[in-house]
Amino acid sequence: MQCGFCQPGMILSAHALLEKTASPSREEITAALGGNLCRCTGYTKIVEAVQRVARSEDISKGLVQGPPAEGFSILGARARKPDGIGKAVGELPYTDDIALPRMLHGRILRSPYAHARILSIDLSQALALPGVYAAVVGADLPKAYCVIPWTPDETALCTDKVRYVGDGVAAVAAVDEETADAALALIKVEYEVLAPVLDLDTAEKAAGVPVHERDWKGRPRLDNLCKEVALSFGEVDEGFAAAAAVVEGEWFYEGSSHAPIEPHCAIGTWDALGRLTLYSSTQVPHYLQRALSEVLEVPLDRVRVVRPAIGGAFGGKSEPFDLELCAALLSKRAGRPVKILYTREEVFLAHRGRHPMEMKLRVGASADGKITAVENDLRLDGGAYHSFGMVTTWYSGQLLTGPVHLPAYRFRSRRFYTNKPCCGPKRGHGTVQPRFALECALDELSEKLGIDPIDLRRRNALVSGDETINGQSIPSLGLLQCLERVETLSGWKERRGKLPFGKGLGVACSMYISGTAYPIHPTELPQSGVMLSADRSGIVRVACGAADIGQGSDAMLMTVVSEVLGIDPDAVRVESQDTDRAPVDLGSYSSRVTLMCGIAAQEAAMGMRQAMISALAGAWQVDEARIGVGPGSWFDLQDPGRHVGVAEVLRLAEIAAGRPLVSAGGFRTRKLGGKYQGGTIGASPAYSTTAHVAEVSVDPETGIVTVDKLWAAHDCGRALLPTLVEGQIEGSTAMGLGEALFEAHTVDSRGLLAQPSLLEACLGTSVETPPIVASIVETIDPVGPFGAKEAGEGPLHSTIPAIANAIHDAVGVRIRRTPFSPERVLAALKEQGRC
C-alpha cells in the first residue's frame, strides 16, 4: 500500500488541517493525510513538521490565552507556564543534563547493615584503581548538620556508626560511573553489627543500644526519643463528660516516599580563586548554601548554588543531602568538577518522606453535633536522623485545630529514632496523618448521632476572622463554601447512602498553612526578597531565590509583576536559579512561596510603578492621579485617547531617574501565634481549606477498592493563575489517592528496604487515577498578594479520609490503617461477616 507521505496533495492537506486546528494530534494528522498508519521515515517527518508548525503558532499567541478576572489585566487569566514549552521539547536542562569540562563522576558506598559501629575503613585499593581521582570518608567531613539548626545529628558520611541500610560510609570520584562503582567494591569496611531498632514499640522500650548514643548537644542518651510535645487547650475532660457521643480508636498511617521522576543530582566545581559552585536539584538553595558553608568551613560569600530545572520534589529535596556535600569535597580534592547522581534505590534510601504515625484519638460531640473535646496521642517513626523532625512533631498536633472548631483539645506527640531511612517533610508535612484519623472519627460521630457528615462539619466550621483554640488567627477561610461546592457537584444529598452495596460516597475536609510565620533560622531579615530591573527595550527582569520545583512559582512572580506594571507577561524575565544573581528566598516548602514571594514581588513592582507614574506624569505635565495603567499601555484617565506603551514609560522613567530603573521588595515576618512555648509553630499569615468527596466501588469478593471519581473544592484566596491552581489541586489529590490505596515505604526484619525501585513502590498511575473535578473557591485573603494563598499542599490531606469514609458507605467497614489494600479491606469484610 502506498504510504501517506507519497500521496499527491499531502502537503496541501497538512496546511488545510492547520487552518482548522491549532494543535492537531497525531490521529488528526493521520486522518488528514489519508488515514494511512504508515511509520516510514518520510511520513514521520511530515507529522513532526506539522506538529512543530502548530506548536510555533500556538506559542505566538503568548503566555496568556484567556480573559482575566474582573477588574484585572492579567490575574485570573488562563495561561501556560513560562517554562512549559522548554520542558516539553527538552530545551530546559536538568542537573544531570549538565556536563562540565573534565568532569568526574562520584558514587557513595552505603552500609549493608541497619545498625553497626564502624571499626575501620581502608581506601587504599580504591585509590590505586586507575581512573580514580579522590576518595573521602566521614572523618573528612566531621561537622554535624541539620536543616533545623538546633538539632544537628547527621554528617555527610558516617563517622562512628551507621544507622540504616543505605547510610553513606565513603565516597569516590572517578572518570566514569563504572570505574567509581568498581572503586566502591574495593573499599574495605569493618563493622561491629548491632541489634536494629525497626519499629515504634522497640524504639520506645529502648532495651538495646540507642540509635543515637549522644544527643545533638553531645550529651549521652539511653533512649530513642527524638522529640516530645504535650499541650492542652480548654477543658478537655469536662468536654468529654458532657459529650452525647464519643468515638475512640487507633489509626495508623503508613510511611510513603515522594518518588519524584528526577533523581537527586549534584555537581560540585571550584574555580581558581577557591570559590565553590554547586549545581543541585534542590528546593532550598539558600539553606543548602548555608550547609555547604558550615560543613566545608568556607565563607558564605564563596559558595554559590545553582538550581537548574527540577523534575519534581514534593518536599523530598528540601534539605542538604550527602551527595551535595560529597560532590563539593570530592571536587576540591580531585581538582575537577564532580557529579553525583542518585540511583532510584538511593532516592528511596535518602527518603525524608511521610512519617509512619500511630494515633490514639478520642473525639466527643453533643447531641446536636457540636464537637466538645478532642484528644490525640501520637507516636511518630522518624527513622535514623532528625531532619525536620522537631517541626513535624509540633505540626502533628498544632495544625489539627481547624477548619472545624475544637473547643477543647489535648495532644501528646512523640517522635522516635529507628534504624530506617530518615523521614521528613512530604507534601502536607506532619498533618496528613492526624487529619486522616480526625476526619474518619468525625464520620463515625455523624453516624452515631444520626447527622449527615457534611452537616456535622458545617455545624463546627470556622469562618474568616476566627481564632483556633491554640491561638492561630485565620484571616480568611472558605470551608462552608467548599463543603457546599462538593455537596452540589457530587450529588451528595441525592446519592449518599442510596447507592447499591459496594458503591459509596465519603466526605472529608482539611486546613493548611500558607508558609510558616517564623523562618527555620531565626532572623530579622526578610524571608523573601525580590528585585526588579527594567531594560530600555521594555523588558523587566525579576530576581528572586524562590525555587520553581514545577509548581509554577516563576509564573506567579511573572504574573504579579505583569499585573502591577501593565506589562505583557512575555516581557517579564524571571531569574530564580542562582544564589549569586537573586536575593535570598528561604525555599519552596510549607506552601510559602505564593504568599511570601508574591507579597515581595508586589511590593517591588509597586515601587517601580510609582517611579513610572511620576515620570509619565512629568512628561505629560499632568497630575499623577490622572495616570492610568492598562494591559500593554499607560493612558490619561481624563483623555483616554492619549496613551503610550509600557516600554516607552520605562524609558521615560530611566531618563527621569538618570540611572537604570530598579526596585526591591520583601516579605517580613509578623508576630503571630499563641503566647505559650511552641505557640508560634504552625502559625501562618493565612490558611487554605479543602473539602473532598470521593466515590468508590468495593469488590466484596476481592477487597479491591476502585475510586470512581473525586471532587475537590479548594479555597486558595484568589486564584492568580487558575490553570496552575487546578493543576495543584489535581496533583495533590492524585498523590493522596496513591497514599490511600497503594503506597508504603517499609523495611524487612533486617532493615532492608522493601520498595527499592519504582516497580515495588506501587505508585498510582494514570490508569488508577479517576476523573478529578477540581473546583476553585476564592475567599480573597486580606493578607496575601491580591488576596492569594496556598494551593500546593492543602488539597492532599482530605483525599485519604474521604476515600476511607466512602469505603464505609459502600460496604459498611471502617479501615483505620493505610494503605487500603485488598487484603486489609477483605479482612475487615470477613471480620464483620460481609463477604
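The values are calculated or read from the model by the stated rules, or taken from the named source; none is laboratory data. Keep in mind that what you see is a predicted model, and the values were worked out from it rather than measured. Glycine also receives a Cβ, built like all others from the backbone with ideal geometry; neighbour counts cover every protein chain displayed. The protein model used for the area step is the full one, side chains on, heavy atoms only, and it has no ligands, DNA or RNA in it. Shrake-Rupley method; radii C 1.70, N 1.55, O 1.52, S 1.80 Å.
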Filter region 614-659 for residues that are touching a Ser or Thr at 6+ places or on another chain (Cβ under 6 Å) and touching a residue at least 40 places away in the same chain (Cβ under 8 Å); the one that is farthest from residue 71 (Cα to Cα) is 645
Within region 248-258, the residues that are buried (at least 21 other Cβ atoms within 10 Å of the Cβ), closer than 12 Å to residue 745 by Cβ and either of a type outside the set (S, T, N, Q) or in contact with a strand residue (DSSP E or B) (Cβ under 7 Å, 6 or more places away or on another chain) (or both) are 253, 255, 256, 258
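In region 802-835, how many residues are in contact with a Lys or Arg (Cβ under 7 Å, 6 or more places away or on another chain), in a helix (DSSP H, G or I) and crowded, with 18+ Cβ neighbours inside 10 Å?
So in region 802-835, the residues in contact with a Lys or Arg (Cβ under 7 Å, 6 or more places away or on another chain) come out as 808-813, 815, 817, 824.
Subset that is in a helix (DSSP H, G or I): 808-811, 824.
Cutting the leftovers down to crowded, with 18+ Cβ neighbours inside 10 Å gives us 808-811.
Qualifying residue count, region 802-835: 4.
If we keep just the residues of region 710-749 that are among the polar types (S, T, N, Q) and open to solvent by 20 Å² or more (accessible area, probe 1.4 Å), which is farthest from residue 793 (Cα to Cα)?
Kept after step one, since they are among the polar types (S, T, N, Q), are these residues of region 710-749: 723, 728, 732-733, 746, 749.
Narrowing further to those that are open to solvent by 20 Å² or more (accessible area, probe 1.4 Å): 723, 728, 746, 749.
Details: 723: 16, 728: 8, 746: 24, 749: 33 Å.
Step by step, filter region 710-749, then rank; the result is 749.
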Among 435, 427, 412, the single one that is open to solvent by 10 Å² or more (accessible area, probe 1.4 Å), in contact with a strand residue (DSSP E or B) (Cβ under 7 Å, 6 or more places away or on another chain) and basic (Lys, Arg) is 412
Do we find a residue being polar (S, T, N, Q), within 14 Å of residue 260 (Cβ to Cβ), in contact with a Ser or Thr (Cβ under 9 Å, 6 or more places away or on another chain) and open to solvent by less than 10 Å² (accessible area, probe 1.4 Å) anywhere in region 324-345? no
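Here are 396, 387, 366: which of them is open to solvent by 10 Å² or more (accessible area, probe 1.4 Å), polar (S, T, N, Q) and in the same structural domain as residue 460 (by TED's automatic domain parsing)?
366
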Q) Quick check, is residue 764 free of Cβ contacts under 8 Å to residues at least 40 places away in the same chain, in a loop (DSSP other than H, G, I, E, B) and within 23 Å of residue 356 (Cα to Cα)? A) yes
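Quick one: would you say residue 790 is modelled with pLDDT of 95 or more, surrounded by fewer than 21 Cβ atoms within 10 Å (Cβ to Cβ) and charged (D, E, K, R)? Talk me through it step by step, then tell me what you get.
Working: modelled with pLDDT of 95 or more: yes; surrounded by fewer than 21 Cβ atoms within 10 Å (Cβ to Cβ): no; charged (D, E, K, R): yes.
It is false that residue 790 is modelled with pLDDT of 95 or more, surrounded by fewer than 21 Cβ atoms within 10 Å (Cβ to Cβ) and charged (D, E, K, R).
From 183, 241, grab the single residue that is part of a helix (DSSP H, G or I) and open to solvent by less than 70 Å² (accessible area, probe 1.4 Å).
On the way: 241 fails: open to solvent by less than 70 Å² (accessible area, probe 1.4 Å).
When all the criteria are applied, what remains is 183.
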Considering residues that are of a type outside the set (Val, Ile, Thr) and open to solvent by 50 Å² or more (accessible area, probe 1.4 Å), the number found within region 622-681 is 26
Checked pairs for region 485-503, first in the same structural domain as residue 808 (by TED's automatic domain parsing) and surrounded by fewer than 20 Cβ atoms within 10 Å (Cβ to Cβ), second in a helix (DSSP H, G or I) and not aliphatic (A, V, I, L, M), C-beta under 8 Å and 6 or more apart or across chains, list as 493/487; 497/809; 499/809
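Working only within region 186-201, note down all residues that are more than 33 Å from the chain's Cα centre (by Cα), crowded, with 16+ Cβ neighbours inside 10 Å and of a type outside the set (Val, Ile, Thr).
Of everything in region 186-201, those that are more than 33 Å from the chain's Cα centre (by Cα), crowded, with 16+ Cβ neighbours inside 10 Å and of a type outside the set (Val, Ile, Thr) turn out to be 186, 191, 194.
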